[in-house]
Amino acid sequence: MSKPLLFTPLTLRGVVAPNRAVVSPMVQFRATDGVVNDFHLVHLGKFALGKFGIVFTENCAVEPRGRVTQGDLGLWDDGQVESHRRLTRFIHQEGALAATQITHSGRKGSTARVFDKRGQFGPDGAGWKKWEVVGPTDKPAADGWLVPRALSVEEIEGLVAKFAAAARRADAAGYDVLEIHAAHGYLLAQFLSPLSNTRNDLYGGDRAGRMRFPLAVARAVRAAWPSHKPLFVRVSAVDGGGGWDVPDTVAFAQELKALGVDVVDCSSGGIAGAATAAGVKRGLGFQVPFAAEVKRAAGIATMAVGLILDGPQAEAILQAGDADLIAIGRQALYEPFWPVHAAQALGCDRDFEMWPPEYGWWLEKREYTLGRR
Ligand SMILES: Cc1cc2nc3c(=O)[nH]c(=O)nc-3n(C[C@H](O)[C@H](O)[C@H](O)COP(=O)(O)O)c2cc1C
C-alpha cells in the first residue's frame, strides 16, 4: 500500500509538518497567571510522544482580560515566554511542530470552567475573581452572561498591537505555527458576525466593516510573525441559524490569503453563548464540508476539525481533497496516541516504527508472542 496522505509530510512556508495529524487547541483551565506549568508539559507532551505532526496548545490570551477563564494560558507578558519555551523544546525533541493559538475572549471572558457546578467559580480555594469584559457592543453573549463594555476605536487599535506582540512572544517561545482564534464567538468572531456586531462606525456595518478588525489583526500578526513560519486562522464558518455564513467565510478567507495567511481552520458556532451552543447539526465530520468549500472557493489550504475519530475517516477526508490537515480534539483526550493507532488501522506501520523506539521495539516483539506473526 502506498503511504497514506495522513502520514505524508506537509511543507508550510519554511517548516515541515512530519504528518497531517494535528492536536486541536483545547483549553484546560490549569494555568496561573497564564504561565505554562508541569501539567501543560505532560498533557501536551504526550501528544508529541503519540506522534501528532503538529501539537497545538490551548488558546493563549493576548491580554489578561482576553482569557475565557482565569486558568487559561497567556502570551501577554514577556515573563511568560520562558515557560512556553520548555514546552516547545520537548515537542521539538519528539519530532513534532509546536503550535499555539492567540485569542481574546471579548464578551465571553471571565467565565467559570465549563464543568463548574452552579455557584462555583473556578477550582476550590483558587480565589478566582471576575473582571470587566469588552465587546463590539454592550450586548451580552446570551441572557445571564456578563454585560460587556463596547470597545472604542482606540482600544480596538490597541488590541491589534497586542495580538502582534503576542505573536512576537510566540516566536521567541519557539513555536513553529501560530493560529489566530477568530471562531466560537470570541472577540474577533464577535466583530465578524452581524448578530453581535451592530456598531455603525469603521469597525461595524457591512461585511467589510465587520471584517476590518480581524483583518487588521491578521495583517499585524503576519508582519510580526517570521515570514518562514506559517500562520493559521480559525473561523466559525457559520454561526448556525442565520448570521455569519459560508459565503462570508469564503470572502474572509480570500482576504486572509491575500494577507499571507496559510491555512484556514474551519470550525463553527458559538456566537450566542457557550462555544458548544451552536445551531449546527452535529455528526461525524460535520464541519468537513466547510473546509472543503473554503479550500475550493478561496484557494487556500484548510484544516478540518470536528468529530473526526479514526485514521480511515481522516484519510478519506484528505484523499477527497477536502482539507490539508486534520485536527483531532476530544478523540486525542481519549486516545493521546491517536496518530500511531491511526497508522495501525491504516496498515502502514506493521513494525511499530512510527512509535517512540522505547515503545515500538516491545510492541513489535509482542506481536510474535501473541502469535500474530
Ligand atoms: C476541552 C476542550 C477545550 C477546547 N478549547 C479550545 C480552544 O482553546 N481553542 C479553540 O479554538 N477550540 C477549542 N476547543 C474546540 C476544539 O479545538 C475542537 O474544535 C472541538 O472539540 C471539535 O473537535 P473534536 O470533535 O475533535 O473534539 C476545545 C474543545 C475541548 C473539548
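Residues of region 73-83 include none that is out of contact with any strand residue (DSSP E or B) (no Cβ under 7 Å at 6 or more places or on another chain) and within 16 Å of the ligand (Cβ to nearest atom). Residues that are assigned to a helix (DSSP H, G or I), buried (at least 21 other Cβ atoms within 10 Å of the Cβ) and of a type in the set (Lys, Arg) do occur in region 294-305. Confirm whether Gly174 is modelled with pLDDT of 95 or more, in contact with a strand residue (DSSP E or B) (Cβ under 7 Å, 6 or more places away or on another chain) and either surrounded by fewer than 17 Cβ atoms within 10 Å (Cβ to Cβ) or in a loop (DSSP other than H, G, I, E, B) (or both). So Gly174 fits the description; yes.
Contact map, region 167-183: residues that are under 11 Å from Pro226 (Cβ atoms) paired with residues that are modelled with pLDDT of 95 or more and of a type in the set (Ser, Thr, Tyr), Cβ distance under 9 Å, separation 6+ or inter-chain. Pairs shown: Ala170/Thr100; Tyr175/Thr57; Tyr175/Thr88; Tyr175/Thr100; Asp176/Thr88; Leu178/Thr100. Residues of region 306-350 being in a helix (DSSP H, G or I), out of contact with any His (no Cβ under 8 Å at 6 or more places or on another chain), under 22 Å from Ala99 (Cα atoms) and of a type in the set (Gly, Ala, Ser), which ones? Passing the criteria: Ala314, Ala332, Ala342. For first residues located in region 357-373 and surrounded by 10 or more Cβ atoms within 10 Å (Cβ to Cβ), partners that are assigned to a helix (DSSP H, G or I) and hydrophobic (A, V, I, L, M, F, W, C) and lie 6+ apart or on another chain with Cβ distances below 9 Å form the pairs Tyr359/Leu49; Tyr359/Val340; Gly360/Val340.
So which residues in region 240-267 are closer than 23 Å to Asp206 by Cα, under 17 Å from the mean Cα position of the chain (by Cα) and not in a helix (DSSP H, G or I)? Steps first, please.
Going residue by residue through region 240-267, those that are closer than 23 Å to Asp206 by Cα are 240-259, 261, 264, 266-267.
Narrowing further to those that are under 17 Å from the mean Cα position of the chain (by Cα): 249, 253, 256, 261, 264, 266-267.
Listed by number, the residues that qualify are Val261, Val264, Cys266, Ser267.
Take the conditions under 15 Å from the mean Cα position of the chain (by Cα), part of a loop (DSSP other than H, G, I, E, B) and under 20 Å from Gly329 (Cα atoms) and apply them to Gln101. Does it pass? No: the conditions fail for Gln101. Of all residues in region 59-78, one or more are more than 18 Å from the chain's Cα centre (by Cα), surrounded by fewer than 16 Cβ atoms within 10 Å (Cβ to Cβ), charged (D, E, K, R) and assigned to a helix (DSSP H, G or I).
The values are calculated or read from the model by the stated rules, or taken from the named source; none is laboratory data. Computed from a predicted structure; not experimentally measured. Reconstructed Cβ throughout: ideal geometry from the backbone, glycine too, with neighbour counts over all protein chains shown.
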